[in-house]
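Q: The structure that follows is given in the form of structure tokens.
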Amino acid sequence: MHRIRTRTLVAVAALLLAAPLTPTAYAAEDVHAEGRLPSGATYVMDVPAGWNGTVLLYSHGYTPSGAPNAARNAPDDTTKSLLLNQGYALIGSSYATTGWAVTEAVPDQLATLDTFTARFGRAGRTIAWGTSYGGLVTTALAEHHAHRLTGSLSMCGLVQGGVANWNSTLDPVFALKTLLAPDSGIRLTALPSAAAATQASDAMAAVLTEAQQTADGRARIALAAALHNIPGWNDPSQSRPAPTDWEAQQSGQYQAVVGLVKFPAFVWRQEAESRAGGTMSWNTGVDYHAMLRNSPYLKEVKELYEKAGLSLKSDLNTLDKAPRIRADAKAVDWMSRTSSFTGRLTKPQLTIHTTGDALIPVQSESAYRRAATAAGSAPLLRQRYVDNAGHCTFSPGEQLAALHTLEDRIVTGHWAGSDPAALNSRADEADPGSPARYLPYSPAGYPRPYDRAHLSDGHRTQRLPGGHGSEVSDSSEARVALPYTPAPS
């Protein structure tokens, strides 16, 4: 009898530990906690009195090397305040390192969740959410650690994955160098140091500044922007250009391309290459004629070329014949394993994106839908769009509307009430003072998708002698891609 009683007590205790606690068991007053994880990353937690039992695990965006690396648990102060007032617990870490830190970010976020659970008890619901690069971290959590979550929300996320991102970052600067500074010696990949990356960035920025002064240069900058699907309206502080105001659209693209050259294309690339152990990008076998044909900015490019009296066909032929860049297969393997997606979701994910995003163009959402569809996860995925310029320029109401829509999907098992009109109604209710701009929208295809659900994506790079990435001098050789198969996930 004593053994039976003991086993019964143990079983009851296990059930209590496994079951979500009631919100009244958590906190009698507001709690703000900060600390440090074993990795060295810091964390921050806010748990309101009367916690509703849901914890939101926030993954922040990219932090450049050398920049302050503070822990964050919400995208902005207003959204944070609204969520705390609604009873959500908010947690997040700094990640142990800056830069392309996905190998630190994922375990640090999980460790933050463990630390929260040890102090406050198990949450009734755990939702991962994040912005920008944090959308990549969030999706990595959703694909590989779904048993820790009940759902995920990626906002303005880098959901095309790492390999696709760095390939698409290469294309515009390849076009700029080839068409505007073919003899400049500016190195686009295999950057040996941060100082070399800064020097290359400064040199390309000077080329851009000079080119923008002429009609020929502006047309070619528009072509480069179109290869990355950079929109003409990408700054919310500027007026939206008219649909056929090609000059105004190009001016907006120019500003965005300057930003691309200043940070991601060289300085951030060098940091990522140092982690990957080589060049993780290539343009061997890329048909720039086809890429431009599929760009939503084809009409603009044609009009600007015609106005400048340039031959677009001739410039595309120049790109076609230019020496191509091959990747280091080991670097691609690292980037693929750590930062590219399988598309396999087992819990609901909602993604939202602004239509005028220049840093992570809205077409990145098409890349992830491609992966999820191939993996059979499309029913678990919903993607919605906000009609605004800029990167991650959502209003607090729009963010809360997305969260509540995801929660409804978690509870009901259906994506009911997830259409733009319903999202706008939720946004107005959540924060009447902020805009509600969801709209029906279908982005174009991503220019160069790469995911782990399509094995053929792995057959588009080359292994060089000695395993080092380099620029190829023989364009005919460069356009023959040798097989490369990513390691299984």
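Q: Name, by its number, the condition in (1) at pLDDT 85 or above; (2) on the phi < 0 side of the Ramachandran plot that does not hold for G413.
A: (2)
Q: Could you please find all residues in segment 107-125 being surrounded by fewer than 23 Cβ atoms within 10 Å (Cβ to Cβ), under 22 Å from S377 (Cβ atoms) and either polar (S, T, N, Q) or touching a residue at least 60 places away in the same chain (Cβ under 8 Å) (or both)?
A: R125
Q: Within segment 163-183, is there a residue that is among the small types (G, A, S), at pLDDT 95 or above, more than 30 Å from S377 (Cβ to Cβ) and over 21 Å from the mean Cα position of the chain (by Cα)?
A: Yes.
Q: Quick one: is L188 at pLDDT 95 or above, in contact with a strand residue (DSSP E or B) (Cβ under 7 Å, 6 or more places away or on another chain) and buried (at least 21 other Cβ atoms within 10 Å of the Cβ)?
A: When the stated conditions are applied, L188 passes them.
Q: Hey, could you check segment 23-59 for residues that are at pLDDT below 95 and not charged (D, E, K, R) and say which is surrounded by the most Cβ atoms within 10 Å (Cβ to Cβ)?
A: Y26
Q: If you go through segment 344-371 one residue at a time, how many are within 21 Å of N167 (Cβ to Cβ) and in contact (Cβ under 8 Å) with a residue 40 or more places away in the chain?
A: Here is the first cut: in segment 344-371, the ones within 21 Å of N167 (Cβ to Cβ) are 351, 353, 357-371.
When the remaining residues are screened for being in contact (Cβ under 8 Å) with a residue 40 or more places away in the chain, the result is 351, 353, 357-368, 370-371.
Result for segment 344-371: 16.
Q: State which residue is farthest from the chain's Cα centre (by Cα) when the search covers only segment 356-393 and only residues that are of a type in the set (S, T, N, Q) and within 14 Å of L158 (Cα to Cα).
A: Q383
Q: Could you tell me how many of the residues in segment 133-155 are touching a Leu at 6+ places or on another chain (Cβ under 8 Å) and in contact (Cβ under 8 Å) with a residue 40 or more places away in the chain?
A: Number of matching residues: 13.
Q: From the list G135, G130, G92, exactly one residue is within 26 Å of V362 (Cβ to Cβ) and either aliphatic (A, V, I, L, M) or in contact with a helix residue (DSSP H, G or I) (Cβ under 6 Å, 6 or more places away or on another chain) (or both). Which is it?
A: Every option except G130 fails the conditions.
Q: Can you tell me how many residues within segment 427-453 are closer than 27 Å to E143 by Cβ and assigned to a helix (DSSP H, G or I)?
A: Residues flagged as closer than 27 Å to E143 by Cβ and assigned to a helix (DSSP H, G or I) within segment 427-453 amount to 0.
Q: Looking for something open to solvent by 10 Å² or more (accessible area, probe 1.4 Å) and more than 27 Å from W415 (Cβ to Cβ) - is there at least one such residue anywhere in segment 364-386?
A: For segment 364-386, residues open to solvent by 10 Å² or more (accessible area, probe 1.4 Å) and more than 27 Å from W415 (Cβ to Cβ): absent.
Q: State which residue pairs qualify: first residue hydrophobic (A, V, I, L, M, F, W, C) and inside segment 220-232, second residue in a loop (DSSP other than H, G, I, E, B) in any location, beta carbons under 6 Å apart, and separation of 6 or more residues or different chains.
A: The qualifying pairs are A226/S295; A226/Y297; I230/A358.
Q: Which of the strands (runs of 3 or more DSSP E) contained wholly in segment 31-125 include at least 1 residues that are aromatic (F, W, Y) and within 18 Å of the chain's Cα centre (by Cα)?
A: 54-59
Q: Here is a follow-up. Which of the residues belonging to segment 330-352 are hydrophobic (A, V, I, L, M, F, W, C) and either surrounded by fewer than 24 Cβ atoms within 10 Å (Cβ to Cβ) or in a loop (DSSP other than H, G, I, E, B) (or both)?
A: Correct list: W334, F341, L345.
Q: Which residue out of P75, P68 is under 24 Å from A142 (Cβ atoms), at pLDDT 50 or above and open to solvent by 20 Å² or more (accessible area, probe 1.4 Å)? Before the answer, list the steps.
A: On the way: P68 fails: under 24 Å from A142 (Cβ atoms).
Every option except P75 fails the conditions.
Q: Let me spell it out: the conditions are (1) free of Cβ contacts under 8 Å to residues at least 40 places away in the same chain; (2) over 23 Å from A327 (Cβ atoms), and K177 meets all of them except one. Which number is the exception?
A: (2)
Q: Let me ask something else. Filter segment 353-362 down to the residues that are open to solvent by 10 Å² or more (accessible area, probe 1.4 Å) and part of a loop (DSSP other than H, G, I, E, B) and list them by number.
A: Within segment 353-362, A358, L359 qualify.
The values are calculated or read from the model by the stated rules, or taken from the named source; none is laboratory data. Owing to the predicted nature of the structure, the values given are computational and were not obtained by experimental measurement. We place every Cβ from the backbone using ideal geometry, glycine too, and count neighbours over all the protein chains shown. Just the protein is used for accessible areas: all its heavy atoms, side chains included, with ligands, DNA and RNA removed. Shrake-Rupley method; radii C 1.70, N 1.55, O 1.52, S 1.80 Å.
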